[in-house]
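Right, I'll just put the structure down here and ask away after.
The values are calculated or read from the model by the stated rules, or taken from the named source; none is laboratory data. Keep in mind that this is a model prediction, so the values were computed, not measured. Heads up, the Cβs are rebuilt from the backbone with ideal geometry, glycines too, and the neighbour counts pull from every protein chain shown.
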């Protein structure tokens, strides 16, 4: 009996607010007819056209890859640099993440040289042709140590 009374009490307490929350918005008082509806002032057309000029276009070609160490384990923190093949200056830089992976978007139609570097390891490079037929290229690098192997270390 006590359980029934408690249940009815909580139902009477919480049910009306829940039902009121389900009512449509029409229960609100109507807006007064004396307030004229005004449209916001139109923005000048010149601003909208100049705003489009400042947006940068995302390069369409994606170069992704994974770098491994000499034990075939993912190698985090390796420097990755990309430049057009005939240039001396690098245009794109990144580092591998905790899983040894990297990804860089570059403009297409150019031949790129991808170079990976890490201290105490041999520098490696690969050439990527960013053509219109593909949208991405996946690379894999296995770095080799420049230090001599220790006596008990197996390769």
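Okay, residues lined up against (1) surrounded by 12 or more Cβ atoms within 10 Å (Cβ to Cβ); (2) modelled with pLDDT of 95 or more; (3) at negative phi; (4) touching a strand residue (DSSP E or B) at 6+ places or on another chain (Cβ under 8 Å):
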{"site": "43", "(1), (2), (3), (4)": "no, no, yes, no"}
{"site": "47", "(1), (2), (3), (4)": "no, no, yes, no"}
{"site": "51", "(1), (2), (3), (4)": "no, no, yes, no"}
{"site": "55", "(1), (2), (3), (4)": "no, no, yes, no"}
{"site": "70", "(1), (2), (3), (4)": "yes, no, yes, yes"}
{"site": "94", "(1), (2), (3), (4)": "yes, yes, yes, yes"}
{"site": "132", "(1), (2), (3), (4)": "no, no, yes, no"}
{"site": "141", "(1), (2), (3), (4)": "yes, yes, yes, yes"}
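Here are 155, 150, 85: which of them is closer than 17 Å to residue 75 by Cα and either at pLDDT below 95 or crowded, with 16+ Cβ neighbours inside 10 Å (or both)?
155
Give the residue, chosen from 106, 116, 128, 80, that is touching a residue at least 60 places away in the same chain (Cβ under 8 Å) and either under 18 Å from residue 66 (Cα atoms) or surrounded by fewer than 16 Cβ atoms within 10 Å (Cβ to Cβ) (or both).
None of the other options fit; the residue is 128.
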